[in-house]
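Just so it is clear, none of the values below were taken in a lab; they were calculated from the coordinates. If you're wondering where the values come from, they're calculated on a predicted model, not measured in any experiment. Glycine gets a Cβ as well: all are built from the backbone with ideal geometry, and neighbour counts include every protein chain shown.
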Amino acid sequence: MQLALKKSDMNNTLSGRDEPNWGLVRLRRSLCCLLLVPYLLTACGGGDGGSPAVPHTSDAVAAASEPAAQVASSHSANSNQVTPWVTDALAATQTLPASPVASSAPVNSAPATAKAMLGATAGMAVSDLTPPTGIPGDVITITGAGFTNATRVIWRGGQLPSHDLSANQMLILLPQINSAQDLNGTVTLIREDNAQVTSNASLTVQALPQPSALSVTNAHEGDQVRIDGKYLIPPLIKSMTIGDMEFLPTSANGAGTQLFFTVPKGATSGSVVLLDWKGHRISAGTLNVIPPTPSIEITSVQFSQGPLYTVSGPTVDKNVRLVSQRDLLVRLRLKPAESLGQIKPEVLLAYGNDAQAVQVVSMAGPATLSTTSVAENDMANSYTYSIPGSAVDKGFFFAVKVSDSRYPDATKIFNYTPPAGALSGGTYIRVHLVPTVRPDGVRAKIDPEHFKRELMAVYPLSTVDVVVEPDFHWTVGSQISNDDILDLLSDMNTLRSSSQSNNYDFYVGVMACYCSSVAVFQGRALVVADTWYGSNANAVTEAAMHEIGHNFGRLHPWDDANSPYRNGGVIGSGPWLPEVGPDYSLSFVDPSTRYDIMSYDIPDAISPYTFSGAYDYLKANLPLSAKPKLLRASAPVGQALFITGSINLDSGKARLRKPTSVSASPDTVAMAADSTPGSQDYVLEINTATGSYRYPLQPKTVVTERSAQSLASFELKVAPVGQIQRMRVRRGDTLLLDQSSM
């Protein structure tokens, strides 16, 4: 069953009914706004429906230098005093201490639009910031000209995480701000040749209330519940919801660290959500509302785009991530109360987002259910539905309703809204599998379909394209050395650069051997063996999932200070983990039987820690918006000289591969003639008959499995320079390599 709510249906539900029609009233925002408009207009001190005034950003910056007690005194004489959520509270509240990125940075009050043509310096220009306003964690696109992969982005005195997509486009990640008010400022881009450009328009990061916890996890109707956190103040909070119901908080303390509300009559279990004046929805946690009569117990509500997270529990897993535009499996386990006996449940799922009408569907599952508990691994006796990826987008929520026509009082409803920061943009990569053929004719083995399914199951990707490239004839002897493997890694980088590749293109060289695999940390190339641990026919997939993790910025547990598995051992408790079988079937396995995929131990699986860390990298560097319309690359965009090499960080020796002319745009420009590299900076010098050039190198760690060597690789594309006579690699004043033309 599937239906879309019509506006007329919603209007019909508002005609004097105490209990909303669940099937028709999933659009919480529309229903609750209509119910609360008269009260909100009175409470907010006006009839125009506007938001209460929030002091200008410059006031917030000034407040940061005042003692905290003095700032808090603008609320009340006692910061712990509770004030009602009414007009007086709105009028009395001024600011809380604000901590901008750099308090000395000027506050720019430029217009909201960032479409005006901005300044240009030394071939650099910024023409657009899209969007010009966002919340912490949002990805902003900078459009202009003259960008390189070493260009830095400065906002309010601090450097923002950034990634260049091309010479004309960069992505930046908005930072967390410790402020009760929006912060804005211009954006300055600084290139490695010291050229820089500053936007004329401002980039604004919006302040949000920051709830951290609920005082209780279970409550009855009429109970008072406390929300702890920061900036829980009227200028930031318009109202709040539980399930369908929108209502006002009852009170707050003057410091903005505690907010109180009363559980409304008829409230259902689910996410407690704060609504701010700009339309943002911030989840404060999950509250289980205890019904007054025996009910059908919802043992667990779970979803999966990788790990099978439980979202109906008393705490929110900090590693929960939702990938936009990717199908979401929802799973429900039920247990009727003993007094009900066997039931014939109807299980409905409603879902929607800010842009789509609510859809209501029936979940698949058994026709009858007894009072026996359903085991964690019992999918057959669970109720499931896969929400299409198009619905998993901004404003996404879902709700489940369980009922039996014979026991109307036993109906159970659960609502879910993702916590702040859990749902973000879509992600995309294109993988090029390159089978190698040894001189003896042995060809590497790989199953592209299994590889693709495993990659989608393991990592937070909206979609993946897999291309099998022509065989690569690998000139290698009978004994394969580490240098042979590193050279093959360089060959993959060369293939990538010579094929008009994009940021989302990953090249995987597959070796026909039982040998070590390698990958470039946060790079776009890796080399894997088709025989690993002698495990099974899909050993290459197992090895590749580990190496791709390095491409996605994941370290071995023992190298990661934050890893919960740093000292070894299995993943342990938490969500069950996805696994693709030889027959392509997807199942979930107990985390207490698996090691983290970034370790060397088997059997392994993707841990929640690795899954969330990979998504944080992917959403900032590999957005779904970059996905091409055609599977193969487009026409050449220019000519460049591709240079790749490696550095042994232990011995201080460097190696260079022969430069290759490729059809691509340069991504690095020569350093300014008067610039002086630092003592730790790596520089490539090229001498030609017509002059000398210096280029900054950005070595990336090469992770060589089961090797004690510390290695790094580098690659760059520069404008053609003519006949090369000599090439040198330096670190500061230290010469690492000096070789004649190759």
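Summary of values
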| item | result |
| --- | --- |
| Chain lengthening between ASN482 and SER212 when straightened (0.36 nm per residue, less Cα-Cα) | 92.3 nm |
| Value of relative contact order over segment 293-425, rounded to a whole percent, pairs C-alpha under 8 Å and six or more apart | 31 percent |
| Between segment 351-412 and segment 235-259, the alpha-carbon center distance in angstrom | 29 Å |
| Packing-based exposure ordering (other Cβ within 10 Å, fewest first) of LEU555, LEU287 | LEU555, LEU287 |
| Partner aspartates and glutamates for LYS412 [C-alpha distance under 16 Å; skip if fewer than 8 residues away on the same chain] | GLU19, GLU221, ASP244, GLU297, GLU338, GLU346, ASP404 |
| Surrounding net charge for SER386, when Lys and Arg each add one and Asp and Glu each subtract one, Cβ distance under 12 Å | +1 |
| Separation of the LEU649 and ASP378 label points, Cα + 7 Å toward Cβ, nm | 5.1 nm |
| Stretchable slack from LYS265 to ASP674, in nm (0.36 nm times residue separation minus alpha-carbon distance) | 140.0 nm |
| Label-to-label distance, nm, for residues given as VAL437 and THR141 (7 Å Cα→Cβ offset) | 4.2 nm |
| Net length gained if the chain between ASP583 and ASN194 were fully extended (0.36 nm per residue, minus Cα distance) | 134.5 nm |
| Shape category assigned to segment 184-343 from the gyration tensor of Cα positions, a/c cut at 1.5 | oblate |
| Surrounding net charge for GLY569, when Lys and Arg each add one and Asp and Glu each subtract one, Cβ distance under 14 Å | -1 |
| Ascending count of other beta-carbon atoms within 10 Å, so fewest first, for SER370, SER283, SER424 | SER370, SER283, SER424 |
| Cβ-based exposure ranking for VAL361, VAL316, in which fewest neighbours within 10 Å come first | VAL361, VAL316 |
| GLU449-ALA355 pseudo-label distance in nm [points 7 Å out on the Cα-to-Cβ vector] | 3.3 nm |
| Net charge, GLU715 excluded, C-beta distance under 11 Å - Lys, Arg +1, Asp, Glu -1 | +4 |
| Global geometry of segment 293-425, whether rounded, prolate or oblate, following the gyration tensor of its Cα atoms and the 1.5 cut on a/c | prolate |
| Overall form of segment 558-626 per C-alpha gyration tensor (a/c, 1.5; a/b vs b/c) | oblate |
| Phi to ³J(HN,Hα) by Karplus 6.51 cos²θ - 1.76 cosθ + 1.60 over segment 223-240, Hz, x for Gly, Pro | 6, 8, 10, 9, 10, 9, x, 9, 6, 8, 10, x, x, 9, 10, 8, 6, 8 |
| Listed residue pairs exceeding 21 Å between alpha carbons, taken from LYS658/LYS717; LYS627/LYS700; LYS335/LYS394; LYS445/LYS627; LYS658/LYS700 | LYS627/LYS700; LYS335/LYS394; LYS445/LYS627 |
